[in-house]
Structure formats: C-alpha cells, structure tokens
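Heads up: the structure comes next, in structure tokens.
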Amino acid sequence: MTEIQLQIAKSQENPELDVIIKDWAIKFIKDLEIKHNMKVLFAAETGSRGYGTHMKDSDFDIKGFFIYPAKTYMSVMGGPSAIREDHFRVEVNGKEYELDFEFYDIKKFLKKKVIGNLLDHMNFRFYSQKQYINMFDNDIFLEIRDNLKLPIEKFYAVTKGFYTAFTKDIKSKRQIVAKDILNSIVIGFQFLHCAYFYEYPLYNFHQEQQLFLSRIKQTDNDQYEYYSKVIQTAYEYYQMKISDRKFKVQDVNPIVIEFLQKIIKMNPLENDQKIIEIVKRKEITEERANQIFESLIEITKN
C-alpha cells in the first residue's frame, strides 16, 4: 500500500463517529427486537463501510441474522424469513447519518446450508471485520463460519455483471459512475483471492489488497506488477467517488476492462477441479444444523 493510497483510505476514517454510531445501532436493534419479537444474533457492517471504500457521509449498512422464540416457529403463521428496515437517522455534530438494517432468520439460513448452493451471498457477512453484535458461542460461530463454502459463484456473477454493463455503456457512449467502477475492482479481487488461494478474502479492501499482493509477489512478479496497477487504478476511482458520490466518467480505464475480462476467462467454476469440489460440497449436516439451532434457541429464553 503506497503512502498516497494510505492517505486516501485514512482521509475517510472517523473512529469517534464509529463509536457513536455503534451505540445508536445497538439501540435501534433492540427496538427492532421488540417490534418483531425476535433476537438479533449477529450484526455487522457491510457495504462500502465494511469494504473501507466509503465516504465520510456514507450510509451504514448493517446486516446479520436473528432468531425467533420457539413459540413463533411452532406457530402456523410463523414469521418473515427476512427483516429489513431502512432510513434510521442519527445526527452527530450537526451532520445526519443513515443506518439501514437487514437480518435473516438463522433457522432458514441453516436449512439452506443443509440443502446447499443457496444464500451464498450471505456467507461473507460472517467475515465482516466490523461487528456490532455477536451472540454466538465462539466455537459455534467459528464452526459455522469456517464451514461456509466460498461465495466465489456470487463474486464471479457480480464481476461478470459489471463487465457486461460497462461494455454496453461504453458502446452506447453513456457515462459510468466512478463508484461502480471501484466496486467492480473490489469484488474482482474478492473473487481472485478465492480463485488463487481457496479461502475467504479479507472484508476490508485496503487490507485485502495488501495481503493479495504480498502473496502474489512471492510466486509471480509479473502478476504482482499487473495487479498493483489495477489497485492503483481503484484508488484513482475512489478519489473520484470521494469528490462526488455521483461522479461519472465517459471512458473506463482500459486496465479495468482488461482486469474484468481476465476474471471472466479464468472461470474456475468450470476449469478448476478444486473450486468445483468446494462449490459442490455440503456445508453442514442436518443433524449438526439441528444441534446448533437448539443451542441458539436457548438464547431467546434469557
């Protein structure tokens, strides 16, 4: 990470604000628990603030998992599998910030994990480095997290989607939002980390790109130089985003298109046997999922 890149990343940090927002977020979550008669088990920062590519006034996107009391699961009507409430507003030092919440029923999540190949986009929540609430027993949390398969299919699909959108925009001579170009690079590196190292990437982009480059440098200096240029380009688009969240460009830097094409051509979902095995494997057995769920239900009794 160059000195300039470090300065760009640090320019948007505000530790004092993070502490204040965390207190407000927990208060709002407690209100949601009462409103929806459930218990939030896990809440973490996602989106641009989770990636570290936010602006000073970016929204706080908080996502996680909840559990209902046993009687709700026994009810004919039950409860919704997902709870989403947006536009909670907090004023700090004369500036207004928005908090958005999204939580998913842990029982439904575990069921999907037993079935397999579903809700992979939610797996990455467990790896957020900014946690607001974690009610899981630590051993159970690590067991669930470490057995979740890589969301490489999701990363690949999103990256491919960005490439398709950008090429259409370029052909139609439409301007492209710098923020979207930045996001395509961030998610592209999440995909590459999975494809190269068969493990989850770090959620924070600044930390992830340092880790990624340090490993690549050990094996392939040419690739190291290439990916360093892509990352430098990412920070250029990040600067544009900081100047104006709606900042648009007429042309995308060719290295971004080349980078996205490189990922699409890799397609490890068809060409890498180890990735194919990872994608197909079971994440959790039904028996173990039931045991975990029964232990989590006890939390609602307290």
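Derivation of every value follows stated rules applied to the coordinates shown; laboratory data play no part. Since we're looking at a predicted model, the values are computed, not measured. Glycine also receives a Cβ, built like all others from the backbone with ideal geometry; neighbour counts cover every protein chain displayed.
Compared with the dominant principal axis of the Cα atoms in the chain, helix 178-197 is inclined by about 80°.
Taking the longest Cα principal axis of the chain as reference, the axis of helix 221-243 is set at about 70 degrees.
Exposure proxy shown here: for 125, 245, 281, the number of other Cβ atoms within 10 Å sets the order, fewest to most, as 281, 245, 125. Annotation for region 131-206: trypsin sites (Lys or Arg not before Pro) lying in DSSP loop with at most 14 further Cβ atoms inside 10 Å of their Cβ are 173, 174.
A simple rule links phi to the HN-Hα coupling: the Karplus curve 6.51 cos²θ - 1.76 cosθ + 1.60 with θ = phi - 60°, which for region 94-100 gives x, 10, 9, 10, 10, 10, 10 Hz, with x for Gly and Pro. Couplings for region 293-298, taken from phi via the Karplus curve 6.51 cos²θ - 1.76 cosθ + 1.60 with θ = phi - 60°, read 4, 4, 5, 6, 4, 4 Hz in order; Gly and Pro are left as x.
When the Cα convex hull of region 150-215 is projected onto planes of every orientation, the mean area is 4.6 nm². Projected over all directions and averaged, the alpha-carbon convex hull of region 28-67 occupies 3.0 nm². Working value for region 81-190: equivalent-ellipsoid semi-axes of 30, 23, 13 Å, each the square root of 5 times a Cα gyration tensor eigenvalue, largest first.
Which log10 I(q)/I(0) values, to two decimals, does the chain give at q = 0.07, 0.08, 0.11 Å⁻¹ under the Debye formula with one point per Cα? Log10 of I(q)/I(0), two decimals: -0.30, -0.40, -0.75. Per-residue ellipticity at 222 nm from helix content only, as computed over the chain with -39500 (n - 2.57) for each DSSP H run of at least four residues, stands at -18500 deg cm²/dmol. Placing a pseudo-label 7 Å from each Cα along the Cα-to-Cβ vector at residue 37 and residue 20 gives an inter-label distance of 3.7 nm. For region 152-279, the ratio of Cα radius of gyration to the globular rule of thumb 2.2 N^0.38 Å stands at 1.05. Across the alpha-carbon atoms of region 1-157, the computed radius of gyration and Dmax are 17.0, 59 angstrom. On a straight-distance basis, which aspartates and glutamates could pair with residue 130 in a cross-link, Cα separation under 14 angstrom, same-chain partners fewer than 8 positions away excluded? Output for residue 130: 13, 18, 23, 45, 61. Helix 138-147 and the longest principal axis of the Cα set of the chain meet at an angle near 50°.
In a DSSP loop and with at most 12 other Cβ atoms within 10 Å, the GluC sites (Glu not before Pro) in region 116-212 are 199. Arranged from fewest to most other beta-carbon atoms within 10 Å of their beta carbon, 222, 244, 105 become 222, 244, 105. Couplings 3J(HN,Hα) of region 205-212, computed from phi: 5, 4, 6, 5, 5, 5, 5, 4 Hz, in residue order, whole Hz [Karplus 6.51 cos²θ - 1.76 cosθ + 1.60, θ = phi - 60°; x for Gly and Pro]. Residues whose amide H falls under 5 Å from that of residue 66, counting only those 5 or more places apart or on a different chain, are 41, 104, 105, 106, with hydrogens built in the peptide plane.
Annotation: amide H-H contacts under 5 Å for residue 92 (H modelled 1.01 Å from N, sequence separation of 5 or more, or interchain): 97.
Legend: distances between Cα atoms for 229/274; 149/280; 154/274; pairs beyond 20 Å are 229/274. Each of 74, 135 was scored by other Cβ atoms within 10 Å of its Cβ. Listed from fewest to most, they are 74, 135. Evaluated with a Cβ-only charge set (Lys, Arg +1; Asp, Glu -1), region 152-279 carries a dipole of roughly 600 debye about its Cα centre, given to the nearest 20. Taking the charge dipole of region 52-117 about its Cα centre, with +1 at Lys and Arg Cβ atoms and -1 at Asp and Glu Cβ atoms, the residue from 116, 68, 55 reaching farthest to the positive side is 116.
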